[in-house]
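Right, one structure below, let's go through it.
Derivation of every value follows stated rules applied to the coordinates shown; laboratory data play no part. All figures in this text were calculated on a predicted structure; none of them were measured in a lab. FYI the Cβ positions are ideal-geometry reconstructions off the backbone, even for glycines, and counts take in every protein chain you see.
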Amino acid sequence: MDRAIPVLGNEEIDLYIRTYYSLLRTSGEIQVRSLEEVHSGMNASLHQGANSPEIDVSAFLYSALRLPPCITQIRRVLLGQSAEVFARRGFPRVESWLLVKARARRRKMFFDGEETLAVFINSVSDIDDLIPMLTTYQIEWNKIHFKLVHAGLQDKGEAGEAAYRTALGLSDEDWARLQQVWGDRLLETLACVSRAEKRFAVRMLAGSLNDYRRATQGWWRSVMQTCDVPGVHDRPVYFISSNMHALPNLLSTYARQIEEELVHYLQTENPEGLYEEYRRLKEGSSPGGRDNLLYYVMRKYLRTPAGRHHYDLRLKHEVALGIHNVRRPLNLDVGVQVIELSKLDPARFDPRLRLGGADWERLRRSPALIVNVDYPLGMAAYQ
């Protein structure tokens, strides 16, 4: 591997990428500690304090929000494209492990309850995202560890907030950011950090293009088996990228069917003070404003005990209109909707879609499908 000292910023990044891909090609575990020097040498905008002995709370928060909460317990991270890949490498039932999620990243991850995290990767870009996150997290965790040890807090159990704040030398703002990471478990977790350094090990189980291709094919097969739409491979397709609620809201207007319940919820609970906004929109002339608010409120209402039963009722309503939702397909954490144009009912459309003079009979005769993937494409993927 070329370890020449880079001159330009992009060369530093290239060296970092070459280093971890070279190490990941080995069959065993790689120690994230071996990446810390080249990681710090990049002077990355998201980890500007990597070389400083002071805690870079912003970088730590950024990485922590993109890793699952169980990361505090993790020593080993396994990377693979599918359950088949994990099974071939000696981990036959990873999907029976605890499914865990990060607050700011969508990625299928499973925790064995001890020290191992299995991560399903969709593409090489997942590796380019995950490795810097793990390295950043480890560097900043260990800074916190050394400060707590230096302050004599290593064997003190859960010390008080004042003792930790003094030892870490954090401003009120940075302390509040740490609370964003660990919440109610902040003091408990700091006690855990004080006891041991973080020593991540990463193992790449497979990385060929065929492995990615098989994972994607398995994902699509599971979508087709779940939604059971006939003749998919022979039908024209409109392929789009959107979330899982925008199109069903516009094409089925289920929120209008339960508007009376939603208004009662607004009157009694008034989430975010939205009842007055609803009254204003209902009395005004803003086109679509009332519907937009109902769509938003419905998402909140369906999470309440009173509204939870509507979740299944709404899905049945959508299936009757040819809208099929597959939220947890195989391998990839990418939900899909398959929409049969011929089953849509224009009378159910959001009023903004009811075009004057439209020949809706052509819609009923159409064999076409809309395939919507809940995943950003193009420039949106970088946001």
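Need the C-alpha centroid separation for segment 215-253 versus segment 14-57, integer Å.
Cα centroid of segment 215-253 versus Cα centroid of segment 14-57: 39 Å apart.
Compute, for segment 197-312, the length of the dipole vector about the Cα centre, with Cβ point charges of +1 (Lys, Arg) and -1 (Asp, Glu) only. Units Debye, rounded to 20.
Approximately 620 debye in magnitude.
Under the Karplus relation 6.51 cos²θ - 1.76 cosθ + 1.60, θ = phi - 60°, what is the ordered set of whole-Hz ³J(HN,Hα) values for segment 305-313, x standing for Gly and Pro?
Per-residue couplings from phi come out as x, 5, x, 4, 5, 6, 4, 5, 4 Hz.
Enumerate the calculated ³J(HN,Hα) couplings along segment 167-183 in order (Karplus 6.51 cos²θ - 1.76 cosθ + 1.60, θ = phi - 60°), each rounded to whole Hz, writing x wherever the residue is Gly or Pro.
Here the 3J(HN,Hα) series is 5, 8, x, 8, 6, 4, 5, 5, 4, 5, 5, 4, 5, 5, 6, 10, x Hz.
Return VAL297, VAL373 ranked ascending by Cβ neighbour count within 10 Å, so the fewest neighbours appear first.
VAL373, VAL297
Among VAL149, ILE131, TRP97, pick out the residue whose Cα is farthest towards the positive end of the charge dipole of segment 34-188, where Lys and Arg carry +1 and Asp and Glu carry -1 on C-beta, about the Cα centre.
Comparing the listed Cα positions along the dipole, TRP97 ranks first.
Nearest 0.05, what FRET efficiency do LEU187 and ASN270 give at R0 = 35 Å with Cβ-Cβ as r?
So, using R0 = 35 Å, E works out to roughly 0.50.
Return the FRET efficiency for the residue pair TYR21, SER58: r is the Cβ-Cβ distance, R0 is 25 Å, and the value is rounded to the nearest 0.05.
Step by step, r from the Cβ atoms, then E = 0.40.
Relative to the present Cα-Cα distance, how much length would full extension add between ASN43 and ARG364 at 0.36 nm per residue of separation?
Full extension from ASN43 to ARG364 adds 109.8 nm.
Got a sec? Which residues in segment 69-91 would a label at ARG103 touch, if it sits 7 Å along Cα→Cβ and we count backbone N under 15 Å?
69-72
Which pairs break 25 Å Cα to Cα here: LYS282/LYS316; LYS108/LYS143; LYS101/LYS300?
LYS282/LYS316; LYS108/LYS143
Among [x] 23.1, 75; [y] 22.5, 79; [z] 25.1, 78, which one is Rg and Dmax of the Cα atoms in Å computed from these coordinates?
Comparing each candidate, only [z] matches the computed number.
So if we plug the beta-carbon distance of SER286 and SER241 into 1/(1 + (r/R0)^6) with R0 = 25 Å, what FRET efficiency do we get, rounded to 0.05?
The calculated FRET efficiency here is 0.35.
Using +1 on the beta carbon of Lys and Arg, -1 on that of Asp and Glu, and nothing else charged, what's the dipole of the chain about the Cα centre, debye to 20?
1040
Which whole-number percent gives the relative contact order of the chain, counting Cα pairs below 8 Å spaced six or more residues apart?
17
How many angstrom lie between the Cα centre of segment 129-154 and the Cα centre of segment 309-325?
Here the answer is 47 Å between Cα centres.
Work out the length of the dipole vector of segment 209-382 about its Cα centre, built from +1 on the beta-carbon of each Lys and Arg and -1 on the beta-carbon of each Asp and Glu, and round it to the nearest 20 debye.
300
With each pseudo-label sitting 7 Å past Cα toward Cβ, what's the ARG279-GLU114 distance in nm, one decimal?
It is 6.1 nm.
Once the piece of chain linking ALA176 and TYR311 is laid out straight, how much longer is it, given 0.36 nm per residue of separation minus the C-alpha distance between them?
That works out to 45.0 nm of additional length.
Pull out the extension gain between GLU197 and ASP129, defined as 0.36 nm times the separation in residues minus the alpha carbon to alpha carbon distance; nm, one decimal.
Full-extension gain reported as 22.2 nm.
Which residue, ASN331, GLY169, LEU344, has the largest displacement toward the positive end of the dipole of the chain when charges sit on each Cβ (Lys, Arg +1; Asp, Glu -1)?
Result: LEU344.
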